[in-house]
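To start, the structure under review is shown below, and the notes come after it.
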Amino acid sequence: MKDTSDAFAAVVARRHAALSPVDRMRAAAAMYDAAVRIVEASLPASLSLRERRLARAMRLYGEEFKPAAFDAHANWPGSKEIKADGDGNALES
């Protein structure tokens, strides 16, 4: 789907090219962090850590990885517990 005019896409591309590499990375990281927050807010509070990690990864990456990769991510022992309020919104820990 393309809903952006060629003229506007050119403006965005020029602005993006004018940013320093550090600023481009910061913008990308901020967008990723926002996407993670949106996904976390949509997950039920009752999910276990493993279920939450699996659901988040699958929503963010779809079919980009093999099921074994998602499983390895969900089972990663070094992860911190992600707490959620009663509405399923992720809480800062």
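Rule-based calculations on the coordinates, nothing more; no lab input. Treat the numbers as computed from the prediction; the structure is a model and nothing was measured. For neighbour counting, all protein chains shown are included, and Cβ atoms are generated from backbone atoms with ideal geometry for every residue, glycine included.
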- Message: What does the extension gain come out to for residue 29 and residue 48, with contour length at 0.36 nm per residue minus their alpha carbon separation?
- Response: 4.2 nm
- Note on the structure: Proxy exposure order for 14, 26 (fewest C-beta within 10 Å first) is 14, 26
- For the residue pair residue 76 and residue 10, what label-to-label distance in nm results when each label sits 7 Å from Cα along the Cα-to-beta-carbon direction? 4.2
- What spacing in nm lies between the two simple spin-label points modelled at residue 18 and residue 41, each 7 Å away from Cα in the Cβ direction? 3.0
